[in-house]
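Asker: I have a structure here, written as structure tokens, and I will follow up with some questions on it.
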Amino acid sequence: MVKRWKEDGAFLLFISPWIIGFLAFFVGPAAASLIYSFAEYNAITTPIWVGFENYAKLWSDEVYLQSLRNTLYFVFIGVPVTVGFQILLSLLLNVEVKGIRYFRTLYYLPYLVPPVATIVIWLILFGSGDGVVNLILLWFGGAQIDWMGSEGLIKPVIITIGMWMSGGSVLVFLAGLKGIPKPLYEAARIDGSGPFRTFFNITLPMLTPSILFTVVMQVIYYFQMFTEAMLLSKGGPNYASQTYMMNTYQVAFRDLNFGYAMAQSWVLFFIILIITVVLMKSSNRWVYYEGDEKGGGNS
């Protein structure tokens, strides 16, 4: 018993810096933000309790609603497009040909570039007037396109940036492809299965655990996206690229309405929580784990 207490005490002693940091820098601020979300608070004067007024105000704030619609667009349009592109790219990079390792490294490099540098590169490429893409269009006799100033084009441009920075997720899919047993493909060839049938009956089901992980991470990424919209177009034109996090940041640090911004943050937390729970709960219907006799899930 004494030995066990010594072991537990040593464990708590070594983990105490993490526990203190977690309580001080996560649990404490989160609890404070929840309390302040029910108050009118500017971080200078004494908070004024307003109850659910901040939460009620959200649904009449057109800028907030536009930022929510934009973010949902990125989630429900951007995530499927990006994940589909990542799967296709991983399939191409999984082909064993001479020099494929160099191509894998090349496609991973954009993932290592800091977001700010990535936006600078994209501004050089798609900048209005003297952007590289516009110069190429002019060279071929086409007309210049205002990529950043078009309400219809700015969202696809931002989604394209996410596709370009897909190196991390492509590695996840590559690992999933490498983990598919070779005998499954050999049996499919013997049965006369073609490439498309093999993909949908073997490759795609075996990739579903990687797809689930990537989809969840991409959903969280797009809900919390800030840098791309802020630096690329400053939320414009006409709030067409204003994201949820960008709007929350402006409400807090530009308008000094921290209570209202914290209410927005908690709404975002519950939206992400609900979507993540739905994805995880539904995964037992479409995610296949090797060794699972039911063919879906691990329950």
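The values are calculated or read from the model by the stated rules, or taken from the named source; none is laboratory data. On a predicted model such as this, the values are computed, not experimentally measured, just so you know. Neighbour counts run over all protein chains shown; Cβ positions are idealised from the backbone, glycine included. Note: areas computed on protein heavy atoms with side chains; ligands, DNA, RNA excluded. Shrake-Rupley method; radii C 1.70, N 1.55, O 1.52, S 1.80 Å.
Asker: For Glu53 and Asp146, what is the calculated FRET efficiency with R₀ set at 51 Å and r taken between the beta-carbons, to the nearest 0.05?
Answerer: That pair, Glu53 with Asp146, gives E of 0.80.
Asker: About the Cα centre of the chain, how large is the charge dipole given +1 on each Lys and Arg Cβ and -1 on each Asp and Glu Cβ? Please answer in debye to the nearest 20.
Answerer: Dipole size: approximately 800 debye.
Asker: Send over the per residue convex hull volume for the chain, Cα only, as a whole number of Å³.
Answerer: 237
Asker: By the scheme Lys and Arg +1, Asp and Glu -1, what is the net charge of all other residues having a beta-carbon under 13 Å from that of Val63? Can you show the working numbers first?
Answerer: On the way: positive: Lys57, Arg69, Arg254; negative: Asp61, Glu62, Asp255.
Overall, the nearby charge balance is 0.
Asker: Further, regarding this structure: If I model a spin label as a point 7 Å beyond the Cα along the Cα-Cβ vector, how far apart are those points for Ser16 and Leu138 in nm?
Answerer: Going by the 7 Å Cα→Cβ label model, 6.7 nm.
Asker: Further question: At q = 0.10, 0.12, 0.13 Å⁻¹, what log₁₀ I(q)/I(0) does the stretch 22-121 have when each alpha carbon counts as one equal point scatterer in the Debye sum?
Answerer: So the normalised log intensities are -0.61, -0.77, -0.83.
Asker: Among Met165, Gly194, Ser283, whose Cα projects farthest towards the positive end of the dipole of the chain, with charges put on the beta-carbon of Lys, Arg (+1) and Asp, Glu (-1)?
Answerer: Gly194
Asker: Another question, then. Amide H to amide H under 5 Å from Ala39: which residues, 5+ apart in sequence or cross-chain, H placed 1.01 Å off N in plane?
Answerer: The list, which skips near neighbours in sequence, is Val50.
Asker: Over 31 Å between C-alpha atoms is what I'm after, so list which of Lys57/Lys234; Lys57/Lys155; Lys234/Lys281; Lys98/Lys182 land there.
Answerer: Result: Lys234/Lys281 exceed 31 Å.
Asker: Accessible area of the stretch 99-179 with a 1.4 Å probe: how many percent of it is carbon plus sulfur?
Answerer: Here it works out to 71 percent.
Asker: How big is Rg to Rh over the stretch 87-166, alpha-carbon atoms, Rh as the Kirkwood inverse-mean-distance radius? Each step should come with its number before you reach the end.
Answerer: Numbers: Rg = 15.4 Å, Rh = 14.5 Å.
A ratio of 1.06.
Asker: Another one. Which of the peptides 129-140, 262-273 is most tightly packed, and how do the rest follow, judged by the mean count of other Cβ atoms within 10 Å per residue?
Answerer: 262-273, 129-140
Asker: How large is the accessible surface per residue of the chain, computed with a 1.4 Å probe and reported in Å² as a whole number?
Answerer: Ligands and nucleic acids excluded, the figure is 60 Å² per residue.
Asker: Pairs of Cα atoms under 8 Å, at least six residues apart: use those to get the relative contact order of the chain, whole percent.
Answerer: After rounding, I find 26 percent.
Asker: Same structure again: Per the 1.4 Å probe, what fraction of the accessible area of the stretch 212-293, in percent, lies on carbon and sulfur atoms? Each step should come with its number before you reach the end.
Answerer: Details: 2650 of 4100 Å².
Roughly 65 percent of what the probe reaches on the stretch 212-293 is carbon or sulfur.
Asker: What does the charge add up to near Ser241, with Lys and Arg as +1, Asp and Glu as -1, over the other residues with Cβ less than 10 Å from its Cβ?
Answerer: Surrounding charge for Ser241 is 0.
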